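Scroll down for the structure; my scribbles are underneath it.
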DNA sequence: TAACCTACCAAACACTTGTTAGGGAAGGAG
DNA sequence: CTCCTTCCCTAACAAGTGTTTGGTAGGTTA
């Protein structure tokens with residue numbers, strides 16, 4: 001009997017979808033079971049609690065995210081190229097784990113305080129550090145404007161990237177790479193039309 | 001006996017704070033009562049349901065927001081000035097109604113579907129319309145780049161502005177106007193240092 | 001065939017939820 | 001003083017919550 005753990009994945013994906021749509025607390029285990037086509041009690045054959053499902057969803061997302069982020073950071077690109085790569089990987093991650101990102105975005109704020117979800121705080125710290133360092137390097141090397149408040153800029157960039165999970169739909173008319181390009185163009189070059197008139201490309 | 005409705009307002013502010021911190025569904029009426037210094041049942045002397053509190057919080061926020069937005073739109077400024085004014089008013093609104101904005105940001109997605117909160121959808125439409133029109137005017141008059149995807153830009157701007165409610169703390173080191181200026185500088189001029197070297201001011 | 005496993009159901013569990021009913025203390029109004 | 005209103009408490013309610021327990025259908029293994 002081998003083809004077993006497929007059902008588990010299926011249920012977990014369903015749970016992620018419902019969590020993302022309704023919010024974790026507003027979601028009942030009966031609702032999840034319903035959507036997955038079994039009864040509430042049967043969920044506990046696969047998982048040992050509702051919280052465990054949430055935990056597993058968030059961990060899978062963060063693990064994959066950090067594999068990609070670490071690859072980018074290890075490449076030691078210039079600050080502008082690093083920023084471009086991080087943004088692009090973020091939108092790709094939204095494409096793959098839309099539900100998980102939406103959940104993270106909505107719930108991580110108060111989950112962070114629970115001991116079980118302490119790793120969220122850790123991830124957040126690494127995240128902030130990577131971005132701040134990149135922005136500061138850019139200011140130092142002259143790639144970015146020197147009058148930037150890097151902390152504010154970090155928040156703006158972070159928010160805009162991740163909130164996209166709330167409206168992005170995979171298979172829509174924009175690929176993740178296209179969205180990343182548009183976004184980078186906005187944040188790097190600005191929206192205003194300039195005298196010199198050098199719009200991108 | 002006149003000094004009555006002050007307590008009501010006090011309780012409502014407390015509720016907003018707790019809703020914002022924990023999420024609406026995760027918040028119990030006993031928790032609200034606790035924070036406000038009375039017992040759960042006593043809340044029903046002032047309000048007729050937990051949902052009513054949420055409703056009143058969101059309505060108060062949106063009503064005030066639209067007074068300000070309408071004033072800006074009625075002034076018939078140029079597209080760039082309109083965008084600047086809208087962003088500034090948004091950050092001011094976050095300064096005044098931080099909790100309400102955070103709740104709106106977190107919950108409006110699924111509340112919109114309930115009939116009682118249908119006005120959220122209406123507000124969202126007006127909001128989108130105002131922003132899209134401004135961006136399109138800017139592209140048409142040459143104030144903004146002509147290669148903008150206005151719809152994507154709208155989403156970026158909208159998200160970045162409102163998510164600020166999740167990290168902004170009134171009385172911090174940045175005034176709403178200062179944040180607005182920094183943000184506008186980023187979104188209008190971009191982060192990249194240019195050949196011409198015209199950073200703002 | 002018999003033993004065994006996985007995936008599920010049926011039914012109940014203890015607990016928490018939002019909400020209600022009835023009463024009481026405080027204070028202004030007559 | 002008495003009446004009345006405001007604000008709150010005590011105590012309970014029914015409904016819904018996450019979870020457990022015991023059992024069973026059906027395929028796999030021996």
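With B:68, B:59, B:92 as the choices, which residue is over 22 Å from residue B:125 (Cβ atoms) and assigned to a helix (DSSP H, G or I)?
B:92
Could you tell me which of the residues A:54, A:62 is touching a residue at least 12 places away in the same chain (Cβ under 8 Å), in contact with a helix residue (DSSP H, G or I) (Cβ under 8 Å, 6 or more places away or on another chain) and within 11 Å of DNA strand D (Cβ to nearest atom)? Reasoning before the result, please.
On the way: A:62 fails: within 11 Å of DNA strand D (Cβ to nearest atom).
Within the list A:54, A:62, the selection yields A:54.
If you check residue A:180 against the conditions, is it modelled with pLDDT of 95 or more and crowded, with 21+ Cβ neighbours inside 10 Å? Give the derivation first.
Values: modelled with pLDDT of 95 or more: yes; crowded, with 21+ Cβ neighbours inside 10 Å: yes.
The answer is yes for residue A:180.
Given the conditions (1) within 14 Å of chain B (Cβ to nearest Cβ); (2) within 16 Å of DNA strand D (Cβ to nearest atom); (3) farther than 21 Å from residue A:157 by Cα, report the number of the one that residue A:113 does not fulfil.
(2)
Tell me, please, whether a residue that is out of contact with any helix residue (DSSP H, G or I) (no Cβ under 7 Å at 6 or more places or on another chain), at the interface with chain A (Cβ under 7 Å from one of its Cβ atoms) and within 30 Å of residue A:22 (Cα to Cα) can be found in the range B:139-153.
Within the range B:139-153, not a single residue is out of contact with any helix residue (DSSP H, G or I) (no Cβ under 7 Å at 6 or more places or on another chain), at the interface with chain A (Cβ under 7 Å from one of its Cβ atoms) and within 30 Å of residue A:22 (Cα to Cα).
Pick from A:15, A:60, A:74: which is at pLDDT 95 or above and surrounded by fewer than 13 Cβ atoms within 10 Å (Cβ to Cβ)? Steps first, answer last, please.
Details: A:15 fails: surrounded by fewer than 13 Cβ atoms within 10 Å (Cβ to Cβ); A:60 fails: surrounded by fewer than 13 Cβ atoms within 10 Å (Cβ to Cβ).
On inspection, the qualifying residue turns out to be A:74.
Checking the condition farther than 30 Å from residue A:146 by Cβ, out of contact with any strand residue (DSSP E or B) (no Cβ under 8 Å at 6 or more places or on another chain), within 14 Å of chain B (Cβ to nearest Cβ) and within 16 Å of DNA strand D (Cβ to nearest atom), which residue from A:19, A:47 passes? Before the answer, list the steps.
Working: A:47 fails: within 14 Å of chain B (Cβ to nearest Cβ).
Matching residue, one of A:19, A:47: A:19.
State yes or no: is residue A:85 within 16 Å of DNA strand C (Cβ to nearest atom) and surrounded by 14 or more Cβ atoms within 10 Å (Cβ to Cβ)?
Against the criterion (within 16 Å of DNA strand C (Cβ to nearest atom) and surrounded by 14 or more Cβ atoms within 10 Å (Cβ to Cβ)), residue A:85 does not qualify.
Just the residues that are without any contact (Cβ under 8 Å) to a residue 12 or more places away in the chain and more than 28 Å from residue B:20 (Cβ to Cβ), please, taken from the range A:72-109. Steps first, please.
If we filter the range A:72-109 for residues that are without any contact (Cβ under 8 Å) to a residue 12 or more places away in the chain, which is where we start, we get A:74-77, A:81, A:109.
Across the range A:72-109, the qualifying residues are A:74, A:75, A:76, A:77, A:81.
Of the residues that sit in the range A:35-56 and are more than 10 Å from DNA strand C (Cβ to nearest atom) and assigned to a helix (DSSP H, G or I), which one is farthest from the chain's Cα centre (by Cα)?
Of all residues in the range A:35-56, those more than 10 Å from DNA strand C (Cβ to nearest atom) come to A:35, A:47-56.
Subsequent filtering for residues that are assigned to a helix (DSSP H, G or I) retains A:35, A:50-56.
Values: A:35: 24, A:50: 22, A:51: 20, A:52: 20, A:53: 18, A:54: 15, A:55: 15, A:56: 15 Å.
Residue satisfying both the conditions and the ranking: A:35.
Within the range A:30-39, count every residue that is away from chain B (no Cβ under 14 Å), touching a residue at least 12 places away in the same chain (Cβ under 8 Å) and within 11 Å of DNA strand D (Cβ to nearest atom).
Qualifying residue count, the range A:30-39: 1.
The values are calculated or read from the model by the stated rules, or taken from the named source; none is laboratory data. The shown structure was predicted, so the numbers you read here are calculated from the model rather than taken from an experiment. So basically every Cβ, Gly included, is an ideal-geometry build from the backbone, and we count neighbours across all protein chains shown.
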